[in-house]
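The values are calculated or read from the model by the stated rules, or taken from the named source; none is laboratory data. Since the structure is predicted, the reported quantities are computational estimates derived from the model, not experimental observations. Please note: Cβ atoms are built from the backbone with ideal geometry, for glycine as well, and neighbour counts cover all protein chains shown.
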Amino acid sequence: MKRFLFFLSVFPICLFAQTNESDTLKLQAGLSLSGIFQGGNVQTVIFRVNSDLSYKPWKKWVFKTKNSFVYQEFGKQKADEDILSLNFLYFNPEQKIYPLLLGFASTNFRRQINIRSLLGGGVTFQVLSKNENWLKIALSSEYERTGFNNDSFNRTVYNGKRTINTFRGTIWVNGKYQLFNKKLILSHENFFQPSLQRGDNYRWQADIGLELPLRKFLNFRINYLHTVESIVVEGQEQEDRLLTFGVTLKNY
């Protein structure tokens, strides 16, 4: 087991591909696995699993799900044990404009979020779709319920509450581009998600990937993830950044 974790620490594997629900393939899938193990004076364990699947159950419908699990431990002290599930249902995504339904669920150990759930719907605008390059902008609205195991926050107006509910509006900007005659691939999945009820309750995320094709279904990948959340438990930072290196494996 230690040899396996050591191998992951030297060469983290990221078998992940950004799927496009407008593609004609009935099934697109990706799986990522990365980790690190350090023993000795300070023991460190980091383990990440990500999956991405897009499936057409009926002719004009596409179901897309992205799921992840993260576990981190430093000096035998747990730092993270998080689950994230993003689920979308699209109708007629081969059109320029098409509707969507969404349902999210997540937990976050470090931010002391017991469970966060969002339900909503919206519409996607396909801005660019040419020669495997695509850009999409979506607008949606959701109802969110977040349960914490703490009631002291960085914004004192929320103190005394263990559950924060709100309606949100979301702007999504997702894209993928083939550069330099397909020798380099740039992708991004970004969103800004303000509350429609309070200006001090918002979050945003920028997820940017750069890939270098190695073989038909295998790319070397650099990924940068930056997240910001305005309301956090007292003592926690609002920003998180993550830079990873690995490979991408896809079935298309």
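For this structure, a couple of remarks:
- Only listed residue being assigned to a strand (DSSP E or B) and either under 29 Å from ASP200 (Cβ atoms) or of a type in the set (Phe, Trp, Tyr) (or both), chosen from LEU135, LEU139: LEU139
One line per residue, one yes/no per condition, for (1) touching a helix residue (DSSP H, G or I) at 6+ places or on another chain (Cβ under 7 Å); (2) surrounded by 14 or more Cβ atoms within 10 Å (Cβ to Cβ); (3) closer than 30 Å to THR44 by Cβ; (4) of a type outside the set (Lys, Arg):
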{"position": "LYS66", "(1), (2), (3), (4)": "no, yes, yes, no"}
{"position": "LYS76", "(1), (2), (3), (4)": "no, no, yes, no"}
{"position": "PRO99", "(1), (2), (3), (4)": "no, yes, no, yes"}
{"position": "ARG110", "(1), (2), (3), (4)": "no, yes, yes, no"}
{"position": "ASN114", "(1), (2), (3), (4)": "no, yes, yes, yes"}
{"position": "THR124", "(1), (2), (3), (4)": "no, yes, no, yes"}
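- Residue among LEU225, LEU212, LEU218 that alone is within 21 Å of GLN112 (Cβ to Cβ), in contact (Cβ under 8 Å) with a residue 12 or more places away in the chain and in contact with a strand residue (DSSP E or B) (Cβ under 9 Å, 6 or more places away or on another chain): LEU225
- Among the residues making up the stretch 218-252, those that are surrounded by fewer than 16 Cβ atoms within 10 Å (Cβ to Cβ), of a type in the set (Ser, Thr, Tyr) and under 20 Å from TRP204 (Cβ atoms) are TYR224, THR227.
- Of residues in the stretch 184-214 being acidic (Asp, Glu) and over 11 Å from the mean Cα position of the chain (by Cα), the one modelled with the highest pLDDT: ASP200
- Of the candidates GLY120, GLY30, GLY35, the single residue that is closer than 23 Å to VAL228 by Cβ and either assigned to a strand (DSSP E or B) or modelled with pLDDT under 90 (or both) is GLY120.
- Condition met for SER85 (over 30 Å from ASP200 (Cα atoms) and modelled with pLDDT under 95): no
- Some residue of the stretch 167-183 being among the hydrophobic types (A, V, I, L, M, F, W, C) and more than 21 Å from the chain's Cα centre (by Cα): yes
- Test set (1) outside any strand (DSSP E or B); (2) at pLDDT 95 or above - LYS161 fails condition number: (2)
- Flag for LYS56 being crowded, with 17+ Cβ neighbours inside 10 Å, over 17 Å from ASP207 (Cα atoms), at pLDDT 85 or above and more than 18 Å from the chain's Cα centre (by Cα): yes
- In the stretch 179-197, the residues that are surrounded by 16 or more Cβ atoms within 10 Å (Cβ to Cβ) and farther than 19 Å from GLU239 by Cβ: ILE185, SER187
- GLN126 more than 16 Å from the chain's Cα centre (by Cα) and either in contact (Cβ under 8 Å) with a residue 60 or more places away in the chain or closer than 21 Å to GLY147 by Cβ (or both): yes
- GLN18 vs. criteria polar (S, T, N, Q), within 17 Å of the chain's Cα centre (by Cα), more than 18 Å from GLY103 (Cβ to Cβ) and at pLDDT below 75: yes
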